[in-house]
Structures are given as structure tokens and as C-alpha cells.
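The values are calculated or read from the model by the stated rules, or taken from the named source; none is laboratory data. Here the structure is a predicted model, which means the values were calculated and not measured. We place every Cβ from the backbone using ideal geometry, glycine too, and count neighbours over all the protein chains shown. Note: accessible area is taken over every heavy atom of the protein model, side chains too, but ligands, DNA and RNA are not part of it. Shrake-Rupley method; radii C 1.70, N 1.55, O 1.52, S 1.80 Å.
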Amino acid sequence: MKQQSGAQYPFAAIEEKWRKVWQEKKLHEIDLDAARKKLYCLVMFPYPSGEKMHIGQWYNYGPTDTWARLKRMQGYDVFFPIGFDAFGLPAENYAIKHGIHPAVSTKANIDFFREQLRQIGGMFDSRAELITSDPLYYKWTQWIFLKLYHNGLAYRKEAPVNWCPKCNTVLANEQARDGRCERCDSLVTRKNLVQWFFKITVYADRLLEGHNRIDWPEKTITMQKNWIGRSEGSEIVFVEEKTGLPLPVFTTRADTLLGVTYLVMAPEHSLVDKITDTSRIAEVNDYRMKAQQATEIDRLSVVREKTGVFTGAYAINPINNERIPIWIADYVLATYGTGVVMAVPGHDQRDWEFSQKYGLPIRQVVKPRDGGSIDLSQGAYEEFGLLINSGEFDGLDSLTAIEKINAKLSEIGRGRKTISYRLRDWLISRQRYWGAPIPMVFCDNCGEVPVPESELPVLLPEINDFRPTETGESPLARSQSFLYTDCPRCKAKARRSTETMDTFVDSSWYFLRYLNPHLTDKPWDEKRVKKWLPVDFYVGGAEHAVMHLMYARFIVKCLYDMKLIDFDEPFIKLRHQGIITNNGAKISKSRGNVINPDRFIERYGSDTFRCYLMFMGSYSDGGDWDDSGINGVARFLGRIYRLFDKYGDNASRGMALSYKSITSSDNELKYCLNHTIAKVAADIESLDFNTAIAAMMEFLNVLYKRAETGDTGDLFDYALAQYVKLLAPLAPHLAEELWSRIGNSDSVFNCRWPEFYKEALILEMMTIAVQVNGKLRGTVKVARTISESELLRAAKANEHVSRYLENKVIIKEIVVPGKLVNIVVK
RNA sequence: GCCGGAAUGGCGGAAUUGGUAGACGCAAGGGACUUAAAAUCCCUCGGAUGACAACAUCCGUGCCGGUUCGAUUCCGGCUUCCGGCACCA
């Protein structure tokens with residue numbers, strides 16, 4: 001018989017049609033106040049820095065929509081909002097490059113993005129859309145700044161900052177990766193500026209504690225822990241001999257205190273001037289100049305020789321009153337610990353290297369616990385051990401010695417146990433135009449004055465020249481009408497703060513705003529926030545592990561402490577999608593290897609493209625982009641379409657049937673139907689989209705086999721109807737079309753995910769593998785109820801097996817119920 | 001250097017707590033249909049050896065070793081790749 005090829009799958013018409021219907025019927029608008037089984041599913045919002053969404057963004061939003069749709073069909077009230085992280089450097093750089101004002105280019109780009117998001121067919125609630133560059137939004141970003149300010153969590157100080165000479169802007173440590181600007185790859189230099197900071201360091205321990213209460217990838221939590229870098233140790237106060245100035249050091253090895261042979265200060269340390277001996281001033285200043293200039297180029301070199309100079313000053317060891325020289329060296333960081341290190345060349349490799357170069361003495365104060373010998377001329381001995389040359393502490397184990405020495409220092413008021421962190425305060429000011437202005441005023445009489453809440457928002461001035469200035473001053477200063485204002489307190493002439501806020505401030509609270517982004521008199525709807533937050537499921541790139549994801553947690557903890565919200569962790573469950581590369585290289589505009597999804601949508605349709613992204617491989621691993629397999633997914637959807645084109649009437653009949661009323665001996669189809677229902681749900685839930693689609697393909701193959709053999713009874717009809725529901729989260733447009741064609745007037749997304757019947761998964765006959773000495777020799781098909789002895793007899797009788805048993809002695813017989821038999825012979 | 005993760009056919013990738021390795025696809029080859037092409041459908045498809053053939057035997061999940069009746073899975077030691085951190089005292 002001739003095989004009919006059937007109708008072509010008219011995806012373009014179908015997809016456009018249903019997107020319109022969904023919009024008209026407001027299918028994706030949910031009643032936030034009436035919802036009973038809330039599920040807040042959030043995906044990191046895009047920053048519209050280019051004209052179009054790239055493939056990575058599609059990869060973020062398509063599969064996540066599939067997840068959200070499944071949850072909806074499982075009976076949850078799913079809130080799945082999307083918005084635009086529109087402020088910030090990428091958007092501004094795009095505007096500068098194209099000579100368009102960022103307000104204009106951002107709006108145009110958002111329009112493109114919105115259309116593309118619509119093409120995905122995502123169930124985004126359009127009423128919840130927010131744009132962080134909208135005054136209606138950033139008014140409340142400024143409000144949050146003021147809240148932090150009034151609670152002592154925002155402050156200003158002069159600080160050496162990472163400065164990108166090309167972007168003309170300050171960079172956060174997180175943005176100055178490998179000493180290079182995250183955006184433009186220029187080498188970062190240092191510059192002293194007065195900057196605004198948020199006191200995230202105050203929350204270091206709270207941020208660590210919260211890790212125990214969230215379901216996040218282990219890797220992400222580890223990265224945050226490393227970033228916070230909590231380290232327990234001691235603060236020990238040395239005293240400078242001439243001036244009597246205290247010089248506290250931080251160490252984790254108080255047990256080596258008697259092995260200290262000199263101190264080293266960071267070149268930038270503020271006391272260097274005060275202690276340096278007059279005879280050494282020239283040399284010290286010269287070194288400090290060089291250290292400041294010797295920027296990141298040197299820092300990057302892998303094997304960098306340590307350098308330093310002697311200050312001419314001496315310090316006194318608080319335990320034995322020994323007089324030791326004070327040096328400065330740039331291997332000591334000004335920003336960690338106290339900026340002063342007690343050097344123990346015998347037991348710290350860095351100090352050892354320094355001592356070798358400058359001929360400083362080495363003293364052993366720890367010996368191995370096992371009595372073995374060590375050779376300090378080869379390098380430092382950094383292990384814990386037993387103390388020697390340490391007076392009253394001799395013979396103690398390092399761990400005990402740390403306790404005893406801490407106690408003694410405490411007693412004499414010269415030290416204490418303390419904790420040091422790698423985490424620094426969050427530098428939030430940017431000398432850039434495209435951001436939320438910091439709502440502060442500087443008055444000659446009153447000093448630093450916060451803008452009153454009633455005067456928010458401080459509008460971003462509409463200026464023509466929005467490019468950064470070379471002096472480092474913000475371009476906002478170019479606007480006289482913005483810059484000069486009246487002091488809110490004394491009404492005298494005053495100047496506004498001209499910096500804008502880091503965009504990570506904008507994205508640290510947006511999930512609160514989604515629930516009602518149109519509110520004008522408050523930042524969020526408390527009632528809805530109480531009901532909907534925290535976010536149940538958050539999906540986004542792993543590149544945000546230490547920035548966005550930590551800042552958002554910090555801001556939420558601040559708001560919690562101010563009693564403005566009643567939860568202190570914003571994202572209960574977090575998962576990352578993998579990265580799509582192009583020929584193994586990261587996709588970026590600068591590399592010119594951007595993949596535009598549009599041509600695939602045009603050629604294959606949105607459903608096919610979405611399914612292909614999900615089918616390509618593991619979602620959390622990502623992978624290299626290769627379009628050669630997309631045909632297979634297009635064929636798959638085409639086959640579904642044609643099956644229903646031909647057997648639509650059967651599916652319609654199947655709609656009216658209930659599973660329990662069907663009598664059929666087709667156990668294979670029963671199994672397949674029920675197994676697929678369970679598997680697709682479980683796999684989508686755990687983001688294993690690829691295997692969910694594979695299961696749907698297998699199910700389809702089974703259905704086709706039934707169609708070919710004419711075995712199309714009630715069970716087949718019923719299975720067809722269920723198939724549409726299973727398809728719905730994966731290919732929403734096609735499923736909705738088929739659902740309508742088989743006689744439904746309501747959306748498939750308003751029906752419930754089918755139940756599966758466990759009993760169908762238990763097959764009467766099963767195939768058991770038979771091994772001899774662990775090697776597969778054959779299989780036997782037996783009844784499920786077979787006894788162990790009967791199974792063994794059947795296994796041994798199998799012709800492929802029996803010949804391996806001839807003239808052998810059976811030593812052992814292993815039976816794994818339902819799986820296999822292994823016969824061990826000799 | 002330190003901390004994670006990974007390595008499976010020509011390719012992307014499957015493989016619930018150790019239990020039939022290679023599901024599902026792609027590509028390729030052969031065939032059907034067609035004037036032809038596209039589309040569609042069917043068959044083969046990890047490697048080696050033997051046979052006309054169905055088939056049989058051996059090898060095979062980065063490398064070496066171990067535990068086990070049995071290892072892609074567990075343990076020890078390497079190699080390579082990816083991600084993160086990198087003078088943090």
C-alpha cells in the first residue's frame with residue numbers, strides 16, 4: 001500500500017493565530033489576589049543592550065516557559081513575569097556607538113525584545129512588565145538607597161577604585177576580572193575618588209548562614225562562600241617603637257608569633273608616613289609611587305618576584321618584646337585584614353621568599369608532630385606541628401598554642417580572636433549617565449543631605465552629551481539645572497550628587513515590583529508580596545553567582561531587618577542554564593559570532609526552535625551551537641501534525657473516554673502511555689528537557705506503529721488525546737492547534753495534566769538478562785510472577801546460555817528481581 | 001598553584017540506588033514512491049575477526065590499577081578540557 005505523505009505542517013499560520021487568541025483571551029493573565037496555589041517562577045530579565053535577543057536569551061526563556069506551562073497544567077497558579085534591566089553600561093555603550101540617546105535606543109531595543117519574547121510564545125503576564133529605567137521604577141530604587149542611608153548602610157568614602165580608562169568608569173571588583181574591564185577588556189588602573197558604598201560586609205555572616213536554607217546549586221553556594229572568604233584568626237597588636245603607634249596584624253597562625261622576624265605593611269597603608277624614619281623617606285616614597293603605578297600588568301604575572309623596602313622603623317613583639325624591623329611590600333594587600341602582616345619566614349612561603357631576597361632572619365618555631373626533620377633552607381614549613389623556640393609555649397600543639405597565645409594576648413590587652421573577610425563593601429556609584437541618580441545633595445552649610453522621599457524621583461536629566469567625561473566626573477554634572485538645587489534642609493544653594501547607581505541595585509529588588517509595577521505611591525504591594533514571595537523557582541546564568549545573586553540576597557536582608565518584608569532569602573530554589581557557545585567560543589558581539597534566532601524561527605517556527613534548544617542536550621550543561629540536528633525536531637513536530645491530520649477523529653473520540661473504562665490487551669501501549677505521562681512531567685520538572693522530548697518521540701513511534709497495523713481502538717484514541725496534553729508545555733502553539741482541532745473550545749493550558757496509572761507500568765511479561773560470569777549471554781522472556789527457581793531453570797535452558805554451562809561447576813547464582821540472572825561457573 | 005565539574009559511536013547525547021552500554025535524534029549508506037526533485041516511508045549503522053547468510057567470537061564508556069558475581073556508575077593514582085579563585089597573611 002502506498003504511504004501517504006500527508007499535509008504539510010503550517011507552523012507560521014498556527015503560531016501567529018494562537019498568539020493572537022492567547023492575547024485576546026488574556027490566557028496568561030492570572031488573578032494574583034485570588035490565586036490559591038501560588039508558584040512564582042522567575043527568569044532573570046534581559047538587558048536590552050543590542051537590537052535583538054541572542055540565542056542565549058532564547059535558551060533562557062523558551063525552556064523556562066515550558067517548565068512554567070507544565071506547572072500551570074499541574075494546577076498551580078503560576079506567576080511568570082518578564083521585564084527589562086534597561087539601565088547600565090551595555091545599553092549606554094550601545095547608544096554611544098550608534099550615536100543615539102540611550103533613552104531612545106533602549107526603548108527601540110525593548111520593542112524588538114518584546115516582539116521576540118512574544119514569538120517564543122511565553123506565558124508572560126504583560127501587565128507585570130517593568131523597565132528599570134522608567135522613572136516609575138527607579139523612583140523606588142532611589143527610595144531603597146535612602147532606606148539604606150537612613151539605616152547607616154550607605155556611606156561615602158575616598159577609595160582607590162578600579163578605573164577603566166576606556167569606559168571612563170569605576171568598576172566593582174567583580175567587574176574587574178583578571179585586572180581587565182569586564183566589558184571592554186582594557187587593563188584596569190587605580191584612581192582615588194569619593195565613592196558611595198553599601199555595607200554588605202556587615203551581612204557577611206548572615207549571607208553565609210542563609211546558604212543553609214536555600215536550594216541552590218552547590219557550586220554557586222561555594223562560589224559565594226569563597227567570595228565572602230570568612231577566615232578565623234587573631235588580631236595581634238605590635239607597637240611601633242618611636243611613635244608608640246599600635247600596628248595590629250591579622251593572622252590565622254598565632255602559634256607562629258615567636259617566629260616573627262619582621263613586619264610588612266601595605267605600601268598604601270596610612271601609617272607608613274608616620275613611622276618611616278627620615279633617613280628612609282626618599283626610598284620609601286619612591287617605592288610607594290612605583291607600587292601605585294605598577295598596576296595590574298605586574299599583578300597578573302604568574303611568578304612575580306616579591307619586592308619591598310625597609311622603613312627604618314622597628315616594632316615590638318607583644319609576647320617577647322623583641323625588636324623587629326618594619327618593611328613595606330606590595331605583596332601585602334591594603335584591603336585585607338589590617339594591611340599589616342607579621343612575617344614568619346620559617347612557616348609562610350611568601351614571607352620565606354621575601355626573606356631570601358632581602359636577607360632577613362628565619363626562625364623555626366614549629367616542628368613536625370611525627371618528629372621528622374625539616375629543612376628551612378628549601379622553603380617554609382607551613383603545616384601545623386609542635387612548638388619550639390617559643391618559651392612557655394614550647395611543646396604545645398599548634399592548635400592548642402593558638403588558643404593559649406590568644407588567651408595571653410587578651411590578658412595583656414594586646415590581641416584577640418577575630419574574623420576576617422575577603423568580601424568588601426559594595427561600591428555602588430558610577431560616573432555614568434545611564435542609571436538611577438543617587439538621591440543626595442551636598443550643601444555648604446549642612447553637608448551631605450538626603451533628598452526627602454516626597455521629592456523622589458530625582459529625574460535623570462535629558463542631556464545631549466551623555467558620554468563619560470575624561471576627568472572621571474559624571475556627565476550629569478554637565479546639566480546645570482540638574483546639578484544646582486536647593487538644600488532640602490536649609491534651602492541654600494546646593495549641588496546634587498551626580499553619580500548614578502550600579503545597575504545591580506536595580507536588579508536587587510525587581511522581583512518585588514513585578515507583582516504590581518504600576519504603583520505610584522509605594523515600591524510594592526505589601527499584601528501581594530506577603531503572599532507571593534519569596535520566589536519559588538529562579539532560573540538564570542551562572543555568571544551571576546557572586547554579583548546579582550549576592551546583592552539581591554543582601555538587599556532583601558536589609559529590607560527584612562527594616563521590617564519592610566517578612567522573608568530574608570529571595571530565591572528558594574535556583575538553577576542555572578548552561579551556556580551556548582559557537583565553535584566552542586563564547587558568543588559575543590565583539591567576537592562577531594552572534595547567532596540570530598530569527599532565521600530559524602522563520603524557517604522552522606518557534607515551537608521547533610524551542611524544542612530543538614531543549615533537545616540539543618542537557619539544559620544545565622549548555623553546549624556548542626550546531627543547527628544540523630534541527631531537521632530532526634522539525635520532522636518530529638511534522639509527524640505529530642500529520643498523525644493528527646489523519647487520525648483527528650480518533651483523538652476526538654478519545655477525548656470522551658475515561659482510561660478506566662477502556663478494555664484493551666495492548667499492554668505495550670498502556671505502558672508507553674502511562675510511562676510517558678510520568679516521565680515527561682518528571683523530566684521537565686528537573687529541567688531534563690532532552691529526555692522528555694525523547695520520550696515523546698518514542699511514544700509517537702509507538703502510536704505510528706499502531707496506526708500502520710490498524711490497531712486503533714479505544715486505547716489508541718485515548719492515547720492520542722493525552723498526547724496533545726503532554727505536548728503542550730513543549731510545543732505550545734502546535735498543541736493548542738491540535739487541541740482545538742479535536743474539538744475543544746477551551747485552551748489546552750486550562751486542562752489538567754493527565755494522571756498516570758501505576759498498574760500499567762507493571763508488565764505481565766518481562767525480559768530478563770542472563771549472564772554467565774558477568775557476561776551477557778542471552779535473554780529470557782518470562783512471566784512477572786515467575787519464581788526464582790523457575791527463572792533459573794528457564795535461564796539455564798536458554799540455548800545461548802546452556803553451552804556456557806556445559807562441563808562447568810556452578811559456584812553461585814545471582815538473581816536480581818525483574819532485571820537479570822548471573823550464573824557464576826568454574 | 002588551590003577549589004569545583006566533565007571525558008561514552010562520525011556528531012549531539014541516553015543509561016532511577018552498581019545490573020542487557022549506546023535510548024532518542026543528526027549525519028551517512030541502501031531501498032520504496034516520483035518523469036525528476038523536494039517531502040514522506042522502510043532497512044542498515046561502536047570496532048575487529050570468521051561466514052553466502054541469519055549468526056558467532058573477542059574488544060569497547062579518557063589512561064593505569066583496585067573492590068565486586070557484575071563497574072559508564074564506587075575507591076586510589078594519572079591525563080586532558082571547562083568553570084571559579086588566585087600573594088587573603
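The label point for A:LYS290 and the one for A:LEU399, both projected 7 Å from the Cα toward the Cβ, are 4.4 nm apart.
The value given for the stretch A:10-94 is a Kirkwood hydrodynamic radius of 15.1 Å, derived from the mean inverse Cα-Cα separation. For A:LYS808, list the aspartates and glutamates whose Cα falls under 17 Å from its own Cα; do not include residues on the same chain fewer than 8 positions away. In chain and number order, the partners are A:GLU799. The long axis of helix A:606-615 is offset from the longest Cα principal axis of chain A by roughly 70 degrees. Within the stretch A:74-108, whose backbone N sits under 20 Å from a point 7 Å along Cα→Cβ of A:ALA682? Answer for the stretch A:74-108: A:74-75.
Grouping the Cα pair distances of the stretch A:535-602 into 10 Å bins from zero gives a pair-distance distribution of 17, 32, 25, 17, 9, 0 percent in increasing distance order.
Note on A:LYS705/A:LYS531: beta-carbon distance plugged into 1/(1 + (r/R0)^6) with R0 of 41 Å gives a FRET efficiency of 0.25.
Stretching the chain fully between A:GLU158 and A:ARG304 yields a gain of 49.6 nm (0.36 nm per residue, less the alpha carbon separation). Report summary: the helix-based calculation at 222 nm, which adds -39500 (n - 2.57) for every DSSP H run with n ≥ 4 and divides by the residues of chain A, gives -11000 deg cm²/dmol. Qualifying GluC sites (Glu not before Pro) in the stretch A:469-570, where qualification requires a DSSP coil assignment and no more than 13 other C-beta atoms within 10 Å, comprise A:GLU470. With all protein chains kept in place, the per residue accessible area of the stretch A:177-296 amounts to 47 square angstrom at a probe of 1.4 angstrom. Let me know the shape class of the stretch A:475-596, please: from the alpha-carbon gyration tensor, a ≥ b ≥ c as square roots of the eigenvalues, rounded when a/c is under 1.5, otherwise prolate if a/b is greater than b/c, or oblate. Verdict is oblate for the stretch A:475-596. Taking the longest Cα principal axis of chain A as reference, the axis of helix A:689-709 is set at about 10 degrees.
Loop-located trypsin sites (Lys or Arg not before Pro) across the stretch A:455-558 with a Cβ neighbour count of 14 or fewer within 10 Å are A:LYS491, with loop assigned by DSSP.
Accessible surface of the stretch A:582-713, 1.4 Å probe: 44 percent of it comes from carbon and sulfur atoms. Each listed q (0.12, 0.13, 0.24, 0.26 Å⁻¹) maps to a log10 I(q)/I(0) for the stretch A:90-159 from the Debye sum over equal C-alpha point scatterers, namely -0.54, -0.62, -1.05, -1.10.
Highest mean first, the peptides A:695-703, A:620-628 sorted by other C-beta atoms within 10 Å per residue fall in the order A:695-703, A:620-628. Taking packing as the residue-averaged number of other Cβ atoms within 10 angstrom, the listed peptides A:15-27, A:124-136 run from highest to lowest as A:124-136, A:15-27.
Between A:LYS26 and A:ILE810, the contour length at 0.36 nm per residue exceeds the Cα-Cα span by 275.2 nm. Per-peptide packing, taken as the mean over residues of other Cβ atoms within 10 Å, places A:575-588, A:755-768 in the sequence A:575-588, A:755-768 from highest down. In angstrom, the C-alpha Rg and Dmax of chain A are 34.2, 109. Prolate is the label for the stretch A:559-642, because the ratio a/c of its alpha-carbon gyration tensor axes (a ≥ b ≥ c) is 1.5 or higher and a/b is greater than b/c.
The chymotrypsin sites (Phe, Trp or Tyr not before Pro) of the stretch A:513-604 that meet both conditions, a loop assignment by DSSP and at most 15 other Cβ atoms within 10 Å of the site Cβ, are A:PHE567. The share of accessible area on the stretch A:408-561 that comes from carbon and sulfur is 45 percent, using a 1.4 angstrom probe. For chain A, find the longest principal axis of its Cα atoms and tell me its angle to the long axis of helix A:102-120, 0 to 90°, nearest 10. Rounded to the nearest ten degrees, it is 30.
Here the spin labels are modelled as points 7 Å beyond Cα on the Cα-Cβ line, and at A:GLN74 and A:ILE374 they lie 5.5 nm apart. Using a ≥ b ≥ c from the Cα gyration tensor of the stretch A:705-826 (square roots of the eigenvalues), is it rounded, prolate or oblate, where a/c under 1.5 gives rounded and otherwise the larger of a/b and b/c decides, a/b for prolate? Prolate.
Normalised by the number of residues in the stretch A:776-823, the average gap of Cα pairs under 8 Å and 6 or more apart makes the relative contact order 32 percent. Using a 1.4 Å probe over the heavy atoms of the protein chains, calculate the carbon and sulfur portion of the accessible area of the stretch A:46-97 as a whole percent. Carbon and sulfur atoms account for 45 percent of the accessible area of the stretch A:46-97.
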